[in-house]
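Chemist: I'd like to ask you about the structure that follows.
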Amino acid sequence: MAAEETVSFITMIGPTDPNGGQNSVEVSLGEHVEGRYSNVVMITHTATEVILDFSVHVPGLPGPKVVSRIIITPEHAKRLLGALDDNIKKYEKRFGAIHHPEERNPPA
């Protein structure tokens, strides 16, 4: 059986330079970087921060457990929103539309 192909789409969401262009940033993953699974995200905000609590909810157990908290500025959150939108469009162009569970199984 052939291995599944992995495709990464990366969109720069960091600060822009004074002339309106994107700053060039080289990103490397250290040897101790690990991925975390999350099936729930709770988002809250203050006037100066957007807080994303990524959690895992296991059916039958009480409440989701937060596995990672990311705190970003509102400006960075807006850039992230744009990058997510861009990446979802690229994903759907390649693999097909993503449907919410409600769209697949509408109530009777």
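Values quoted throughout were computed directly from the atomic coordinates according to the rules given, and no laboratory measurement underlies them. Note that the structure is a prediction, hence the values are computed from the model and not measured. Reconstructed Cβ throughout: ideal geometry from the backbone, glycine too, with neighbour counts over all protein chains shown.
Chemist: Would you please name the GluC sites (Glu not before Pro) within the stretch 40-108 that are DSSP coil residues with at most 12 other C-beta atoms within 10 Å of their C-beta?
Modeler: Hits after loop and neighbour filter: nothing returned.
Chemist: Separate question: I'd like the Kirkwood hydrodynamic radius of the stretch 36-77, using the inverse of the mean 1/r over distinct C-alpha pairs, in Å.
Modeler: 11.0 Å
Chemist: Using +1 at the C-beta of Lys and Arg and -1 at the C-beta of Asp and Glu, which of Thr44, Val67, Tyr91 has the Cα lying farthest in the positive direction of the dipole of the stretch 42-108?
Modeler: Towards the positive end, the residue furthest out is Tyr91.
Chemist: Restrict the search to the stretch 28-92; then list the chymotrypsin sites (Phe, Trp or Tyr not before Pro) that DSSP places in a loop and that have at most 11 other Cβ atoms within 10 Å of their Cβ.
Modeler: Tyr37
Chemist: Scale the Cα Rg of the stretch 51-101 by the rule-of-thumb value 2.2 N^0.38 Å and send over the ratio, two decimals.
Modeler: The reported ratio for this selection is 1.51.
Chemist: Can I ask one more? Which of the trypsin sites (Lys or Arg not before Pro) found in the stretch 26-108 are in a DSSP loop and have at most 12 neighbouring Cβ atoms, other than their own, within 10 Å?
Modeler: Counting only loop positions with at most 12 other Cβ atoms within 10 Å, the trypsin sites (Lys or Arg not before Pro) in the stretch 26-108 are Arg36.
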